[in-house]
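Values quoted throughout were computed directly from the atomic coordinates according to the rules given, and no laboratory measurement underlies them. Predicted model only: the values in this text are computed from it and were never measured. Quick reminder, even Gly has a Cβ in these numbers, built from the backbone with ideal geometry, and neighbours come from all protein chains shown.
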Amino acid sequence: MFPVFSAILSIMLILLVLLSPILAFSKSSDNNNLQKIATTISQEQSNNLTPYINPIHGIKVQYPSDWKLVERGDNDYHNLNIIAEFLQPSQADYYNPNISASHNSLRISVENYSAFTDTDNNNPGNQLQNIGNHRLGAIGISCPGFDLRSYIRNATLAGSPAYEINFDYSYLDNNKKAIEIWTVKDNKVYIIDYVAYEQVYDITVPIVQNMIASFEIT
């Protein structure tokens, strides 16, 4: 009995030795893209931040120097008037420069408050809540699988009271994560949103939080 057991054990050990490179390669392949992203982000964190200043809209923000700045003036993303978009170097494989929904990027939008008063749930005493009602409706319609993870009503942006939402959704069967924060000053609405493929989001969100913290209304 013992010789048979010993022979079986030897065969199992041999198979394990033979298969271990294959298993290691599979695991390495699965994590290869994520490791590349992590390396890129580590390099980004060591770079100096670059100021973006827009005197027309009176805003200022710090962003990593290797993120691509695209100044815009359109309503291409969730019907927001995007002033500037910051594209991070690490993009998902479905990235298309002409389709903003495919971007891993942070966007800054500036709107007149009147753009958010066309819903049936307006609260005259709470502008931030009215904006939230409008945004949740717009996002829910345009984002498949929309899942609101948190709704924070005691946030701050540029030193002013702000509301913040964190949510998940899908794009081309890929999971995405997002954060959006907004405030109001002199009937102008300032919105910062960051959307990315979930693995990229989890790695880059500390950098994004620093960018949001640096935002100023001048």
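Using a cut-off of under 19 Å, list every residue of region 189-217 whose amide N is near the label point 7 Å from the Cα of residue 60 along the Cα-to-beta-carbon line.
Residues 190-192, 210-217 fall inside that zone.
Report the Cα-based extents of region 156-218 along its three principal axes, largest first, to the nearest Å.
Extents along the principal axes: 40, 21, 14 Å.
Give me the net charge for the shell around residue 94: Cβ to Cβ below 11 angstrom, other residues only, Lys and Arg +1, Asp and Glu -1. Spell out each step's value before the answer.
Numbers: positive: 176; negative: 93, 173.
Local net charge: -1.
Using a Förster radius of 35 Å, what is the FRET efficiency between residue 129 and residue 48 based on their Cβ-Cβ separation? Nearest 0.05, please.
Calculated transfer efficiency: 0.35.
Under the 0.36 nm per residue contour assumption, what length would be gained going from the current alpha-carbon distance of residue 173 and residue 93 to full extension?
Full extension of this stretch gives 27.6 nm more.
Once a ≥ b ≥ c are taken as the square roots of the eigenvalues of the Cα gyration tensor of region 48-217, is the result rounded (a/c under 1.5), prolate (a/b larger than b/c) or oblate (a/b not larger than b/c)?
Here region 48-217 falls in the oblate category.
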